[in-house]
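I have placed the structure first, in the form of structure tokens, so that the comments after it can refer back to it.
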Amino acid sequence: MDQSLSRKDFIMYSAGASAALLLNTLNLHADEQQIGNIRVAIIGCGSVSNRYIPHLQTSSKVEIVALCDIKYQRALDQKKQYNLTAATYKHIDEMLAGVPFDMMVTITDMQAHGELNKKALQAGKHVWSEKPMANTYAEGKALLELADSKHLKLWGAPAVVNSPQFAFMNKMIQEGKLGRVASAHGQYGHTGPTWSAFFYEKGGGSMPDLGVYNIATLTALLGPAKSIMAMTSIVNPSREIDERGTVKVEAEDNAHLLLDHGKGIISHVMCGFNYFDPHGHEAKGQQLHSIQIFGDKANMRLIGYDWETYGVYVDDAWDQPATLHEPETGGYQWQEGATKVAESIIDHTIPKINVQHALHVLEIIESARKSSAEGKKIYLTSSFKWPLF
Ligand SMILES: NC(=O)c1ccc[n+]([C@@H]2O[C@H](COP(=O)([O-])OP(=O)(O)OC[C@H]3O[C@@H](n4cnc5c(N)ncnc54)[C@H](O)[C@@H]3O)[C@@H](O)[C@H]2O)c1
């Protein structure tokens, strides 16, 4: 932990008013904040915490000070497994009243995110949330208003815009290398998680779990969507879940979305929990061109998934083979979002991940369900500053 000046000492050593102003700018909220690092509390100690905790531990600017899970043993187990000195809790209210911290990382069941994020913001904490940040667009928008009113930061996964492959594709489009962009396709599926029922319950589904990555990538590359038409379905009416048995599937496990990005550009996303894929949930070695973008001068095909990619093929000549670009990760990892935004608070930088973009993706997911249920096109109300960078 950084041993630099504590908040109290800092105020003593600085001229009162200007120090207070600077501290406001720093957006540090807890009394004992050490200037130079950020104290993180994690809520949800399940599967994905095994990716988040080690990544957060790689940052010298981040200190994990609290772990919480309603299955309390999981908080204890993760503390031991990752050799943390963190306090452990079985309820968010206990955690918010416990050791001071600055940012909550929400990695619980999807359906609980909105309520937990709200409690954290009300208690003066910045929030990084796994997707979705809320159950509805309206709930997400209210969270952002709450965060803004309290000068707090709120962000939502995924972190796909951080990859060098995304940066390359973004540059190609912005520089006009594809010519007039017309169409794009994204896809993500596997045979579905077996470890928790929430993926299949109301508020879960393949769109907020899987399609969310492609929707984030395609809207970030092609611009905010103006309208959407979709068809969703439930292919498997029941699922076998570990340590639980048979559960009824209530959320879509199959979805096709058509997005109108304006200027004639249309993209398509398909996602589902019934896609046989020998590369499985981890998608190791996946070579599928999961994102394809077509213009009248060139096309680009992303190798693997947008959250973990192995490069981009570009075809821009009639008589030459496709060229491979950005085959390296450049240090990018899909689980880096919380670490990067935490560091941005300390460094006073603006991360690439943008909450308005995450909210737009949330509105698309909700609207896709409406479009499918009502059999009509839905016009979207949200937008974000585009291009992102
Ligand atoms: N598992 C992955 O590989 C993965 C990858 C990317 C994103 N995600 C996202 O991460 C989130 C969690 O997924 P997971 O696979 O880790 O699920 P999981 O079921 O393995 O873990 C969720 C944990 O949250 C706890 N929890 C639920 N409600 C809680 C509450 N109110 N307070 C405290 N703890 C609570 C559960 O007890 C459980 O331990 C989801 O949003 C999922 O979409 C998961």
Query raised in the report: If you take the residues of region 307-322 that are of a type outside the set (A, V, I, L, M) and loosely packed, with under 12 Cβ neighbours inside 10 Å, which of them is nearest to the ligand (Cβ to nearest atom)?
Result: Pro321
Query raised in the report: What residue, among those in region 40-59 that are among the hydroxyl-bearing types (Ser, Thr, Tyr) and within 17 Å of the chain's Cα centre (by Cα), is farthest from the ligand (Cβ to nearest atom)?
Result: Tyr52
Query raised in the report: Can you find even one residue in region 153-162 that is farther than 19 Å from His55 by Cα, at pLDDT 95 or above and more than 15 Å from the ligand (Cβ to nearest atom)?
Result: yes
Requested in this report: Need at least 2 residues that are within 14 Å of the ligand (Cβ to nearest atom) and under 25 Å from Val355 (Cα atoms) per element, so show me which strands (runs of 3 or more DSSP E) inside region 60-127 make the cut, counting only ones lying wholly within it.
Outcome: 62-68, 103-106
Requested in this report: Inspect all residues belonging to region 186-207 and state whether any of them is of a type outside the set (S, T, N, Q), closer than 26 Å to Pro164 by Cβ, away from the ligand (no atom under 16 Å from the Cβ) and touching a Ser or Thr at 6+ places or on another chain (Cβ under 7 Å).
Outcome: yes
Requested in this report: Please give the strands (runs of 3 or more DSSP E) falling wholly within region 145-256 in which 3 or more residues are within 30 Å of Tyr313 (Cα to Cα).
Outcome: 181-189, 227-233
Query raised in the report: Does Ser267 satisfy the criteria of being small (Gly, Ala, Ser) and within 12 Å of the ligand (Cβ to nearest atom)?
Result: no
Query raised in the report: Of all the residues that make up region 194-208, how many are closer than 22 Å to Gln286 by Cβ and surrounded by fewer than 24 Cβ atoms within 10 Å (Cβ to Cβ)?
Result: 2
**Report entry** region 174-210, residues that are closer than 21 Å to Gln333 by Cβ and touching a Cys at 6+ places or on another chain (Cβ under 6 Å)
**Finding:** Tyr188, Leu210
Query raised in the report: Mind checking which residues of region 159-175 are touching a residue at least 12 places away in the same chain (Cβ under 8 Å) and either touching a Leu at 6+ places or on another chain (Cβ under 8 Å) or closer than 19 Å to His261 by Cβ (or both)?
Result: Val160, Val161, Gln165, Phe166, Met169, Asn170, Met172, Ile173, Gln174
Report summary line: When every residue in region 63-122 that is among the aromatic types (Phe, Trp, Tyr) and within 11 Å of Ile42 (Cα to Cα) is compared, the one surrounded by the most Cβ atoms within 10 Å (Cβ to Cβ) is Phe101
Query raised in the report: If a residue has to be out of contact with any helix residue (DSSP H, G or I) (no Cβ under 9 Å at 6 or more places or on another chain), among the small types (Gly, Ala, Ser) and closer than 30 Å to Ser238 by Cβ to count, how many in region 146-200 make the cut?
Result: 2
Requested in this report: Return yes or no: is Glu366 touching a residue at least 60 places away in the same chain (Cβ under 8 Å) and of a type in the set (Asp, Glu)?
Outcome: yes
Query raised in the report: Is it true that Gly295 is in contact (Cβ under 8 Å) with a residue 24 or more places away in the chain and more than 23 Å from Asp316 (Cα to Cα)?
Result: no
Query raised in the report: Before we move on, is Thr191 surrounded by fewer than 21 Cβ atoms within 10 Å (Cβ to Cβ), hydroxyl-bearing (Ser, Thr, Tyr) and either at pLDDT 95 or above or out of contact with any strand residue (DSSP E or B) (no Cβ under 8 Å at 6 or more places or on another chain) (or both)?
Result: yes
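The values are calculated or read from the model by the stated rules, or taken from the named source; none is laboratory data. Computed from a predicted structure; not experimentally measured. All Cβ positions, glycine included, derive from the backbone under ideal geometry; neighbour counts span all protein chains shown.
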